[in-house]
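**Q** Just dropping this structure here.
The values are calculated or read from the model by the stated rules, or taken from the named source; none is laboratory data. Quick caveat, the model's predicted, so the values are computed rather than measured. Reconstructed Cβ throughout: ideal geometry from the backbone, glycine too, with neighbour counts over all protein chains shown. The accessibility values were calculated without ligands, DNA or RNA, using every heavy atom of the protein model including side chains. Shrake-Rupley method; radii C 1.70, N 1.55, O 1.52, S 1.80 Å.
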There are 2 protein chains.
Amino acid sequence: MALVVQKYGGSSLESAERIRKVAERIVATKKAGNEVVVVCSAMGDTTDDLLDLAHEVNPVPPARELDMLLTAGERISNALVAMAIESFGAHAQSFTGSQAGVLTTEKHGNAKIVDVTPFRIREALDKGNICIVAGFQGVNKESKDVTTLGRGGSDTTAVALAAALGADVCEIYSDVDGVYTADPRIVHNAKKLDKLCFEEMLELAASGSKILVLRSVEYARATGVPMRVRSSYSNDPGTLVTGTMEEIPVEEAVLTGVATDTSEAKISVLGIPDTPGNASAIFRAIADAEINIDTILQNISSLEDGRTDITFTCPRADGPRALEVLKKIRLEQGWENVLYDDQIGKVSLVGAGMKSHPGVTAEFCEALRDGGINIELISTSEIRITVIIREDDVEAAARAIHEKFELGGDEEAVVYAGTGR
Amino acid sequence: MALVVQKYGGSSLESAERIRKVAERIVATKKAGNEVVVVCSAMGDTTDDLLDLAHEVNPVPPARELDMLLTAGERISNALVAMAIESFGAHAQSFTGSQAGVLTTEKHGNAKIVDVTPFRIREALDKGNICIVAGFQGVNKESKDVTTLGRGGSDTTAVALAAALGADVCEIYSDVDGVYTADPRIVHNAKKLDKLCFEEMLELAASGSKILVLRSVEYARATGVPMRVRSSYSNDPGTLVTGTMEEIPVEEAVLTGVATDTSEAKISVLGIPDTPGNASAIFRAIADAEINIDTILQNISSLEDGRTDITFTCPRADGPRALEVLKKIRLEQGWENVLYDDQIGKVSLVGAGMKSHPGVTAEFCEALRDGGINIELISTSEIRITVIIREDDVEAAARAIHEKFELGGDEEAVVYAGTGR
């Protein structure tokens, strides 16, 4: 008997009809002889609707109350899924994050899970029940207040519960039937992957793939819980995410896929006096403004004037604020200029196979050159190459790289929409 | 410094705008030097919308999950009211029923409060905070599951909290500005009462007045918490419900008002062999079907054949079921016939003044006679006279009685709508 944790996103639960479909699948999993724990997100757009209401009554809603408000969304979907399961003749019991033992840090709105003590879940499973747990929420240890885990929190709840319960697999359901070698809306012969390792999935998620939330993959890697990405609309087995890079035999290591990201902006600080501490002044200012930095590149100093340039990317939504912060300290720091550019895009190639194939970077750049695409910035990790290019070039670049490394399949991929949290 | 508990119904919280109005009133109460605890119902039609969803996924939703679902409504309104209060510069903290220490019986869907241990509320009040408590919900002591208190549960939450905290008053806000001598939609010069005693309010509520839920008044009487019925749309002081009948000096005891009720049906069991145990067979059958009986009347036995008739009323919604239950046992019990009639209405006159005025019943019947209204059934308590008449005669009867006893004011009453739960 296997223990399966399943997580369903908002789009899988957007109507009573969809909820009944999901319930049918859960009951089938149970009837196949498994113990089943289900984590649900809020239905469809519930979270956004509640946020709108909050801002109507208070433009700056207090974080504690916002958490109390938003967690109502998961309570609703949770209870409905449990009801639907009962109508298919199986027994279900729903639990809030607090009842399921999801303990978090104090910080409202973006709490971190510190411990999961799923006594009540274990008890209910032993009685033969299906357990439905509200995702995205927990309770903080000190003040016993309800907290939320931030965007993607339900995925993290699912993985954390799976780890605490020693589950055999954590299935993440959305409207996408797996991890593809590229976004099928951009690359039409993108191929669904059967399997990839945690590091590859992490690099893809960090490079713009929306299919799994970075935090949940990090949690799964740390605890060794296999994840399976599946669609609640089909019976496709989806994509298995498991194992570490080290476990992949060299001859089996391949290139996984291409990820694209057009949600970032580029900021360049020019003419920085090349003395120790100058770079840190930039990143301290940005960190104090609570802005996340993605790619960073520092050019070598110019020999003539001993000055250097630093370029980095950050979420486009935070771009203007980052620019403002840096312009404020430009003069006192002696920087020549600060430039802002949000017409950029990021294309990445990811794969454990890169380690054993030293020619990949060269081929990657040749593919872009042959497509007439200018590279503005390159950054690499052990299993990833990322370039920053013009936003308008992103789709052509993804296609060129995908083709160069022969990642595609013979068939046209199914085009999908975005996923819930 | 007084401790004030305020309860706001769904119609007072139906939009972000109304929530801000309510918050303003709460903050004003706090700034006037009071400690304030607020109990909120779910916004507008939220509860009904959630019920609809539940029945879409499962025509017979399990009670535990239904409670988990419905309590989300109060969490939402609660958090929004707390946010709105913060935007007016005061400090608010919202609590679920469980966090507020509302402990209930195990029964889902219609749990009873068994204890209130408001430690966290007291602590938050001591810090100078306004406390917002989700109405209609609690947690059962044994299984630690979320329960709901049934219709009118939020009023009961408010009174129970007021009692546990030793509050000076429990204000019940809706869209009605007090208790009237009659329904102003029927009797146009109905007068708002400044004050009445618990027993009078209980009789009015039991006789069809929708303004306060019977259970909450019973709880208030048992614990001695003064209640004040007020409108969230005006600054009218409303109606105070306090004290017992015994405390009213005879010379001050008056007739309180007229209540009407057209939600009941009448069932007559005819030709019952007049032997011990025959009446109990009827009421056992009805009780086993979980149908509430209101008025009961047994005629004296006919001398000729030693048989009797019993007539009772019950909610119209349960009428057909009650009829079915009785018809099933008619033959074995030897009853001649079972008749059903749902074109009836109930008109009651209530008031402590009745005790010291023996002529009231006579005058009451005369008023109906002069109006050409036929009485089908009379039942009385110490401070109430109730008649069952044709449904079509109810409004005329209410007006006739109201006028006969000169209960009206000089001005036209404001017409109001129904109240939330």
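**Q** Can you list, shortest first and in nm, the gaps between the label point of B:Leu331 and those of its counterparts in the other copies, using a point 7 Å from Cα in the C-beta direction?
**A** The projected label point of B:Leu331 is separated from its counterparts by 10.5 nm.
**Q** How big is the range A:197-341 along each principal axis, measuring the range of its Cα positions in Å and listing the largest first?
**A** Largest to smallest, the principal-axis extents are 59, 34, 25 Å.
**Q** Could you work out the Rg to Rh ratio of the range A:60-115, with Rh taken as the Kirkwood radius (inverse of the mean 1/r over all Cα pairs)?
**A** Computed over Cα atoms, the ratio is 1.09.
**Q** What are the principal axis extents of the Cα atoms in the range B:59-182, in Å, biggest first?
**A** 44, 42, 27
**Q** Could you please state, rounded to a whole Å, how far the C-alpha centre of the range B:1-39 is from the C-alpha centre of the range B:379-401?
**A** So the two Cα centres are separated by 37 Å.
**Q** Using protein heavy atoms only (no ligands, DNA or RNA), what is the total accessible area buried between B and A, 1.4 Å probe, nearest 100 Å²?
**A** 3200 Å²
**Q** Also, I was wondering about something else. Using only the Cα atoms of the range A:200-275, what are the Rg and Dmax in Å?
**A** Cα radius of gyration and Dmax of the range A:200-275 are 17.2, 59 Å respectively.
**Q** Please grab the % of Cα pairs in chain B that end up more than 37 Å from each other.
**A** 30 percent
**Q** May I pose another question? Look at the axis of the rotation that sends chain B onto chain A, then give the chain B residue with the nearest Cβ and the distance in whole Å.
**A** B:Ala72, 2
**Q** Can you give the Rg to Rh ratio for the protein assembly as shown, taking only C-alpha atoms and Rh from Kirkwood? Please report the intermediate quantities before stating the final value.
**A** Working: Rg = 34.5 Å, Rh = 31.3 Å.
Here Rg/Rh amounts to 1.10.
**Q** Within 10 Å of each Cβ in peptide A:92-102, how many partner chain Cβ atoms are there on average? Round it to a whole number, please.
**A** Mean shielding by partner chains, rounded to a whole number: 3.
**Q** From the label point of B:Phe119, set 7 Å along Cα to the beta carbon, how far off in nm is each other copy's matching point, shortest first?
**A** 1.6
**Q** Convex hull volume of the Cα atoms in the range A:339-409, per residue, in Å³? Don't skip to the answer; put the middle values down first.
**A** On the way: hull volume 6.2 nm³, N = 71.
Roughly 87 Å³ of hull volume per residue.
**Q** Can you list, largest first and rounded to whole Å, the semi-axes you get for the range A:256-328 by taking the square root of 5 times each eigenvalue of its Cα gyration tensor?
**A** Square roots of five times the eigenvalues give 23, 17, 10 Å.
**Q** Another question, then. Using a 1.4 angstrom probe on heavy atoms only, work out the carbon and sulfur share of the accessible area of the protein assembly as shown in %.
**A** Heavy-atom surface of the protein assembly as shown belonging to carbon and sulfur, 1.4 Å probe: 49 percent.
**Q** Let me see the P(r) profile for the range A:297-393: every Cα-Cα distance counted, bins of 10 Å, each bin given as a percent of all pairs.
**A** 13, 35, 33, 17, 3
**Q** Give the lysines reachable from A:Lys112 as a straight Cα distance under 19 Å; neighbours fewer than 8 places away on the same chain don't count.
**A** Of all the lysines, those that pass the test against A:Lys112 - Cα under 19 Å, at least 8 places apart if same chain - are A:Lys7, A:Lys141, A:Lys144.
**Q** Report, to the nearest 10°, how far helix A:360-370 tilts away from the longest principal axis of the Cα atoms in chain A, using its own Cα long axis and a range of 0 to 90°.
**A** Value to nearest ten degrees: 70.
**Q** Write down the Å³ per residue value for the convex hull defined by the alpha carbon atoms of the range B:1-139. Each step should come with its number before you reach the end.
**A** Working: hull volume 12.9 nm³, N = 139.
Taking the convex hull of the Cα positions in the range B:1-139, it is 93 Å³ per residue.
**Q** Report, to one decimal in Å, the Kirkwood hydrodynamic radius for the range B:311-352 based on all distinct Cα pairs.
**A** Numbers: mean 1/r = 0.0814 Å⁻¹.
Result for the range B:311-352, one decimal place: 12.3 Å.
**Q** Per residue, how large is the accessible surface of the range A:200-266? Use a 1.4 angstrom probe and give square angstrom. Display every interim value, and only then the final one.
**A** On the way: 2780 Å² over 67 residues.
It amounts to 42 Å² per residue over the range A:200-266.
**Q** On C-alpha positions alone, give me the angle between the axis of helix A:16-31 and the longest principal axis of chain A, in degrees, nearest 10.
**A** 70 degrees
**Q** Other chains near A:78-91: what is the mean number of their Cβ atoms within 10 Å of each residue's Cβ?
**A** 6
**Q** Keeping all protein chains in place and using 1.4 angstrom, which order do A:Tyr340, B:Tyr233, B:Tyr173 fall into by accessible surface area, from largest down?
**A** Output order, biggest surface exposure first: B:Tyr233, A:Tyr340, B:Tyr173.
**Q** Relative to 2.2 N^0.38 Å, what does the C-alpha radius of gyration of the range B:11-92 come to as a ratio? Two decimals please.
**A** Normalised Rg, Cα atoms only: 1.31.
**Q** Now, a different point. Sorting check: for A:199-212, A:367-380, which peptide has the highest mean count of neighbouring beta carbons within 10 Å, and how do the rest follow?
**A** Numbers: A:199-212: 23.4, A:367-380: 15.0.
The most tightly packed comes first, giving A:199-212, A:367-380.
**Q** Next question. With everything on Cα atoms, drop me the angle between helix A:214-223 and the longest principal axis of chain A, reported from 0 to 90° to the nearest 10.
**A** Helix A:214-223 and the main axis of chain A meet at about 70 degrees.
**Q** From the helices alone, meaning DSSP H stretches of at least four residues, give me the mean residue ellipticity at 222 nm for chain B, per-run term -39500 (n - 2.57), in deg cm²/dmol to the nearest 500.
**A** -10500 deg cm²/dmol
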